[in-house]
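A short worksheet on the structure shown next.
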């Protein structure tokens, strides 16, 4: 009988009890709750930095277009396709003739002429895809270098 009792205890102890399982899940939940927001904040920061880098690249492409054509493009499409307005076009001015999407999956916006005496502006409305915003929703543009 002692041998049977010992075998049953061994079988029972080889599994987690419900209490032990709940404690492990609670610990995992606490770790995710503490670390998750910090990781999400870093991800948002990385998206904004990627948008700034892409905007600066497009800005340089627009400047190259200007050097060849002696005028700024009317739209971003002009840096990938010949607008037909002159014979000096040496594009496409961006690799693979593709204007990238912003990190949130939207098209970059281009204003010619720009505001506040700027020749042009390239920008993204960021995560919320609406003008203005604060924090992760704040617009990212060629004016904020």
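Since every read-out is calculated from the coordinates, none of them should be taken as a lab result. This is a predicted model, so every value here is computed, not measured. Cβ atoms come from the backbone with ideal geometry, glycine included; neighbour counts cover every protein chain shown.
Given the Cα-Cα distance of residue 40 and residue 17 and 0.36 nm per residue of separation, how much length would full extension add, in nm? Walk me through the intermediate numbers first.
Numbers: separation 23, 0.36 × 23 = 8.28 nm, distance 3.38 nm.
Here the segment from residue 40 to residue 17 would lengthen by 4.9 nm.
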> Between rounded, prolate and oblate, where does the stretch 11-77 land on the alpha carbon gyration tensor, with a ≥ b ≥ c its root eigenvalues, rounded for a/c under 1.5, else prolate if a/b exceeds b/c?
Replying inline: prolate
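Would you mind getting me the FRET efficiency between residue 27 and residue 57? Use the beta-carbon distance for r and R0 = 35 Å, nearest 0.05.
Working: r = 45 Å, r/R0 = 1.27.
The value I calculate is 0.20.
Stokes-Einstein D for the chain at 4 °C, 1.567 mPa s, Kirkwood Rh over Cα pairs, in µm²/s?
Details: Rh = 19.4 Å.
The Stokes-Einstein estimate is 67 µm²/s.
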> So what is the calculated 222 nm ellipticity per residue for the chain, using -39500 (n - 2.57) for each DSSP H run with n of 4 or more, over all residues, to the nearest 500 deg cm²/dmol?
Replying inline: -16000 deg cm²/dmol
>> Which one, 87, 75, 17, has the greatest fluctuation when you compute a Gaussian network model over the chain with C-alpha springs under 10 angstrom?
In response: 17
> Among 91, 114, 33, which one shows the biggest mean-square fluctuation in a GNM of the chain, springs joining Cα atoms closer than 10 Å?
Replying inline: 33
